[in-house]
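Just below is one structure, and these are the notes that go with it.
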Amino acid sequence: MKWSEFFVTGEPLIYAADVSIVLTVIGIVFILTYFKKWKWLWDEWLTTVDHKKIGVMYIISAVLMLFRGGVDALLMRAQLTAPNMKFLDSQHYNEIFTTHGTIMILFMAMPFIIGLMNIVVPLQIGARDVAYPYLNALSFWLFFVGAMLFNIAFVIGGSPDAGWTAYFPLAGNEFSPGVGNNYYAVALQISGIGTLMTGINFLVTILKMRAPGMTLMRMPMFTWTILITCVLIIFAFPVLTVALALMTFDRLFDTQFFTMANGGMSMLWANLFWIWGHPEVYIVILPSFGIFSEVVSTFARKRLFGYKAMVGSIVGIAFLSFIVWVHHFFTMGAGAAVNSFFSITTMAIAIPTGVKIFNWLFTLRKGRIRFTTAMLWSLAFIPNFVIGGVTGVMLAMAAADYQYHNSYFLIAHFHYVLIAGTVFACFAGLHYWYPKMFGHMLNERLGKWTFWLFMIGFNVCFFPMYFLGLMGMTRRMYTYSAGLGWTPLNVVASVGAALMGIGFLVLCYNIYYSARYGERDMTGDPWDGRTLEWATSSPVAHYNFAVIPEVKDLDAYWEMKKSGKGFEMDEEKLKPIHMPSNSGRPFLISIAFFFAGFGLVFKWFTLAIIAAVFIILGLILRSFDDDDGYYISVDEIKRTERLTRKEA
Amino acid sequence: MKQRVWKWASLLPLSLLIFLSGCSENMLVLQPKGPVAKTQYDLIVWSVGFMLLIIVVVFVLFAVVLIRYREKPENANYEPPEEEGNTLLEIVWTAIPIIIVTALAIPTVKATFALEKPSQKSVKPLTIHVTAANWKWIFSYPEQNIETVNYVNIPEDVPVKFELTSVGPMSSFWVPQLGGQKYAMDGMETELFLEADEPGSYMGRNANFTGKGFTHMEFEVVAQTKDDFNKWVKDVQQTAPKLSKEKYDTILKPGLVGRMTFSNTHLEWVDHSKQNSHHTGKTEDHRENAEHDEGMHMEHQSHQ
């Protein structure tokens, strides 16, 4: 590789990105140095093993990635607004939809959900941290360096351009000779390892660390969805790991797993990808169902209707999610019997999902509904998700799918379920749990502005796409001619996308505004919550609970408030709290992963091997690490508790 | 604030109507011109009915609940009851989706099986061999011994058996007005039956991303009366130039080409669906492989 090929050149947009990246980095370094914050950064964040801080870092990364993926989306909409636009050329457009899809699913939706679950799950089950705090930090940093590796592709070496599905043989060396798809294979691999470890970590946490009295059937709904999600992660992600490893071999060492010649089988990639890929969409949607359940129940002031059926239906959905993957390629010609089988399993998912929708509606019924921002997102989810859901059933009908497949009908469908499901849930969860993270609320007025702009913009953007699909517009087209009659709907869609963009900017402003002027949450329970996280102070003390609460009911904190018991803290009974020590090793190992990955991308194997040695060294050092953590003294707990409890 | 929102919300269905009236003539999927597309159209309409029903039920329930149980000054002292659930209701709303799914599954399965076969038995299907290449469509008529690029003529009311394959990335062969799509894959053969009811020109395109020139990978299907079609075939056989291996190789090079017509087919020296690298386990020059026999063909079928 020549140095002239190392940096991507020739596009004004790229040069602008180069400049802004350099300026941002200089800005960050300057601010950290000027305010002498380097040590703070290292002690408080880079080395932390506290689930709450890790959760916050996940969410910050997710919002940054939402910005990146959103800019990609706006560039695409700009290009498609009018026929025969010359704004982006074909190659550039291909890169942008590839990174948009990959980033939004893997580096936006996943970390947002994982961030919320990091913050909330230990609090909801009355635990002081996750089962493996060190591993948790490593999970985050692996995700983070994976995301960064993927994100530098567009300025260094070139973006992947074979679609987020990276179908072979297109994604193989023959048709995609650059380094772009190496980035895809390696970056996803690194962050995927992090995700797999998160799945194991939270499974163990939820199974082993619940407060006394919290049986499985007394777990808050969000925790239930995370438990099932962890099972999905543990079964699905190894498939991705294997598929990406084979892809990496194909691309770096010219093996022939997925190629056209020498016995390779490109259909194998499509199967492996979707055996992971379909459970993956449930990995981001089930926790969303959990978030909506919590928010709806809180703001309707009612217990969740049909809790057992809700648990049963997520288990059912999780099971079905593993036997539907072929519906992503009914058109591959697998035959009528195979297609019929997968049609029926796919449609069957509508049954447990329908049960959930009705249970939410009946949770609202007879309630006293408060329209907070978090609640607005959760309520909007119901009608919008139903639209996405019923069109999903239409897509599941194999014979009809031949007409929808790969068209904008499909695009509209999966944005309706992923945005109205996952993105709405992330925003609902952000507003709902924000005081737990930072001790202040997000401004409700600005929050509602974001909600209406984004929700209306979303419908204006994606609803027309159903019809564009029926008109024959296929996904991934970078332009179209005027005579097809697609122009009016495309203009409408672009207007909607712009509204969503404005909504996002209002959210960013809200984060800044609320940090400066936002209402401080002194009570720890600003929403009159029902579950244990609201029994802690806001922001939550380092050790979460001075005394582990006893759980007597499904809505444990609600029960405590109703009975008036369980709040009193007997200072005599306090014991020193055992906490894990911070460690810089997860961060440093992940940096080594970054360089190993970078080396693999460019086939600089010396660099990759040196970095791999550092990774192994990190593992060995960890094995000989006999730091058992430390104890927080009773005096310190008393001091902290008196401070927060007096304020309350 | 709320009133304004409602006003806007009421505009939504209205604007939808304007869309639909303005664009309906462009919705190719909803304007079937053959029995295959018609089968799919009927299935779509059948499903849309159920879907609208579900949407109406959920939306009405949603609106009623929100309006009745919203927080207002009058109910400030109202404390919602603690209800755990209602077994009967939950059985009802489990059963209804099951019924709907069944009502959709039966015609789906029927149609899925039906589409694997030609729509009429009395007429012998016309076989056209389709090769997708970066970024053009090559159509070979083995019985007529002619070949076209980026357009395909078919007779009306005759089932056409498209045998799909690809040289390179996986493409998807889609003619919305004649019927749904199917993938064309390298070293494979997939079959798609389509049929046109009436003469006309129908847009066809690649629906699966294949790289740089993908957007422009379109073709035209021209359905003609049987007489016109036979006349056209004869014309081509007599007047069109011969396709040579060299010419064919230039056509296959990545890029866009215009329409072309030849009085022989590339199947004389290569059939990309029978490259057989999957079965012999060694690389063979594609161009030497024309002689691969029907026995191999069966193996391919089992792999589809």
Practice task
Report yes if some residue within segment A:364-384 is within 7 Å of chain B (Cβ to nearest Cβ), within 30 Å of B:F209 (Cα to Cα) and crowded, with 21+ Cβ neighbours inside 10 Å; otherwise report no.
Solution key: no
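Okay, residues lined up against (1) of a type in the set (S, T, Y); (2) assigned by TED's automatic domain parsing to the domain that holds B:G213:
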site	(1), (2)
B:N75	no, no
B:Y78	yes, no
B:P81	no, no
B:P97	no, no
B:P107	no, no
B:I138	no, yes
B:Q144	no, yes
B:N150	no, yes
Completion exercise
Of the conditions (1) among the hydrophobic types (A, V, I, L, M, F, W, C); (2) within 25 Å of A:G316 (Cα to Cα); (3) facing chain A (nearest Cβ under 7 Å), the single one that B:L43 does not satisfy is (2)
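Collect the residues in segment B:63-86 that are touching a Gly at 6+ places or on another chain (Cβ under 6 Å) and over 13 Å from A:A300 (Cα atoms), keeping them in residue-number order.
Of segment B:63-86, the ones touching a Gly at 6+ places or on another chain (Cβ under 6 Å) are B:69, B:80, B:85.
Matches in segment B:63-86: B:G85 only.
What do you reckon, is A:L446 in a loop (DSSP other than H, G, I, E, B), out of contact with any Lys or Arg (no Cβ under 9 Å at 6 or more places or on another chain) and farther than 30 Å from A:G472 by Cα? I'd like the intermediate steps shown before the answer.
Numbers: in a loop (DSSP other than H, G, I, E, B): no; out of contact with any Lys or Arg (no Cβ under 9 Å at 6 or more places or on another chain): yes; farther than 30 Å from A:G472 by Cα: yes.
In short, no.
Considering segment A:154-194 alone, what residues qualify as being within 14 Å of chain B (Cβ to nearest Cβ) and part of a helix (DSSP H, G or I)?
Pass one, segment A:154-194, residues within 14 Å of chain B (Cβ to nearest Cβ): A:158-178, A:180-181.
Matches in segment A:154-194: A:G180, A:N181.
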Practice task
Name the residue, out of A:F289, A:F258, that is assigned to a helix (DSSP H, G or I) and either under 20 Å from A:I105 (Cβ atoms) or in contact (Cβ under 8 Å) with a residue 60 or more places away in the chain (or both).
Solution key: A:F289
Practice task
Being surrounded by fewer than 22 Cβ atoms within 10 Å (Cβ to Cβ) and away from chain B (no Cβ under 13 Å) is the filter here, so list the residues in segment A:444-461 that pass it.
Solution key: A:L446
Fill in the blank from the handout: Of the residues in segment A:12-27, those that are out of contact with any strand residue (DSSP E or B) (no Cβ under 8 Å at 6 or more places or on another chain) and surrounded by 12 or more Cβ atoms within 10 Å (Cβ to Cβ) come to A:L13, A:I14, A:Y15, A:A17, A:I21
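State yes or no: is A:I317 more than 25 Å from B:N86 (Cβ to Cβ), more than 8 Å from chain B (Cβ to nearest Cβ), among the β-branched types (V, I, T) and part of a helix (DSSP H, G or I)? Give the steps one after another, and end with the answer.
Numbers: more than 25 Å from B:N86 (Cβ to Cβ): no; more than 8 Å from chain B (Cβ to nearest Cβ): yes; among the β-branched types (V, I, T): yes; part of a helix (DSSP H, G or I): yes.
Against the criterion (more than 25 Å from B:N86 (Cβ to Cβ), more than 8 Å from chain B (Cβ to nearest Cβ), among the β-branched types (V, I, T) and part of a helix (DSSP H, G or I)), A:I317 does not qualify.
Among the listed residues A:Y93, A:Y134, identify the single one that is surrounded by fewer than 24 Cβ atoms within 10 Å (Cβ to Cβ), in a helix (DSSP H, G or I), hydroxyl-bearing (S, T, Y) and more than 14 Å from every other protein chain (Cβ to nearest Cβ).
Values: A:Y93 fails: more than 14 Å from every other protein chain (Cβ to nearest Cβ).
Going through A:Y93, A:Y134 in turn, the sole match is A:Y134.
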Completion exercise
Those residues of segment A:267-297 that are buried (at least 23 other Cβ atoms within 10 Å of the Cβ) and within 14 Å of another protein chain (Cβ to nearest Cβ) come to a total of 7
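For segment A:1-48, name all the residues that are among the β-branched types (V, I, T) and free of Cβ contacts under 8 Å to residues at least 40 places away in the same chain. Walk me through it before giving the result.
First pass over segment A:1-48, keeping only residues among the β-branched types (V, I, T): A:8-9, A:14, A:19, A:21-22, A:24-26, A:28-29, A:31, A:33, A:47-48.
Scanning segment A:1-48 gives A:T9, A:V19, A:V22, A:T24, A:V25, A:I26, A:I28, A:V29, A:I31, A:T33.
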Practice task
Starting from segment B:133-146, keep only residues that are away from chain A (no Cβ under 14 Å) and crowded, with 23+ Cβ neighbours inside 10 Å, then list their pairs with residues that are of a type outside the set (S, T, N, Q) and part of a loop (DSSP other than H, G, I, E, B) whose Cβ atoms are within a distance under 6 Å, requiring at least 6 positions of separation or different chains.
Solution key: B:K136/B:V257
Practice task
Out of the residues in segment B:85-117 that are within 7 Å of chain A (Cβ to nearest Cβ) and assigned to a loop (DSSP other than H, G, I, E, B), state the one that is surrounded by the fewest Cβ atoms within 10 Å (Cβ to Cβ).
Solution key: B:E116
Completion exercise
B:N77 fails exactly one of (1) more than 7 Å from chain A (Cβ to nearest Cβ); (2) more than 30 Å from B:V36 (Cα to Cα); (3) in a helix (DSSP H, G or I); (4) among the polar types (S, T, N, Q), namely (3)
Exercise for the section: Would you point out which residue out of A:L88, A:L149, A:L142 is assigned to a loop (DSSP other than H, G, I, E, B), in the same structural domain as A:G524 (by the TED database), of a type in the set (A, V, I, L, M) and touching a residue at least 60 places away in the same chain (Cβ under 8 Å)? Expected result: A:L88
Exercise for the section: Kindly indicate which of A:V492, A:V506 is assigned to a helix (DSSP H, G or I) and either at the interface with chain B (Cβ under 7 Å from one of its Cβ atoms) or out of contact with any Leu (no Cβ under 7 Å at 6 or more places or on another chain) (or both). Expected result: A:V492
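Which residues, taken from segment A:462-485, are assigned to a loop (DSSP other than H, G, I, E, B) and facing chain B (nearest Cβ under 7 Å)?
Start the filter on segment A:462-485 by keeping residues that are assigned to a loop (DSSP other than H, G, I, E, B), which leaves A:471-473, A:475-481, A:485.
Of everything in segment A:462-485, those that are assigned to a loop (DSSP other than H, G, I, E, B) and facing chain B (nearest Cβ under 7 Å) turn out to be A:M471, A:G472, A:R476, A:M477, A:Y478, A:T479, A:G485.
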Completion exercise
Here the residues within segment A:305-338 that are out of contact with any helix residue (DSSP H, G or I) (no Cβ under 7 Å at 6 or more places or on another chain) and under 30 Å from B:P169 (Cβ atoms) are A:G333, A:G335, A:A337
Problem - Residue match in segment A:205-228 (condition: without any contact (Cβ under 8 Å) to a residue 40 or more places away in the chain, closer than 20 Å to A:L142 by Cα and out of contact with any Leu (no Cβ under 6 Å at 6 or more places or on another chain)) - result: no
Completion exercise
Filtering segment B:114-157 down to residues that are over 19 Å from the mean Cα position of the chain (by Cα), over 18 Å from B:R259 (Cα atoms) and of a type in the set (V, I, T) yields B:V123
Practice task
Determine, yes or no, whether A:T346 is under 30 Å from A:W527 (Cα atoms), in the same structural domain as A:F414 (by the TED database) and of a type in the set (S, T, N, Q).
Solution key: no
Practice task
Read through the list (1) more than 10 Å from every other protein chain (Cβ to nearest Cβ); (2) among the aliphatic types (A, V, I, L, M); (3) crowded, with 24+ Cβ neighbours inside 10 Å, then give the number of the only condition that A:M437 fails.
Solution key: (3)
Fill in the blank from the handout: A:K436: passes all of (1) within 22 Å of the chain's Cα centre (by Cα); (2) charged (D, E, K, R); (3) not in a helix (DSSP H, G or I) but (3)
Completion exercise
Being charged (D, E, K, R), surrounded by fewer than 23 Cβ atoms within 10 Å (Cβ to Cβ) and within 16 Å of the chain's Cα centre (by Cα) narrows B:E198, B:E191 down to just B:E191
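The values are calculated or read from the model by the stated rules, or taken from the named source; none is laboratory data. No experiment lies behind these values; they were computed from the predicted model shown. All Cβ positions, glycine included, derive from the backbone under ideal geometry; neighbour counts span all protein chains shown.
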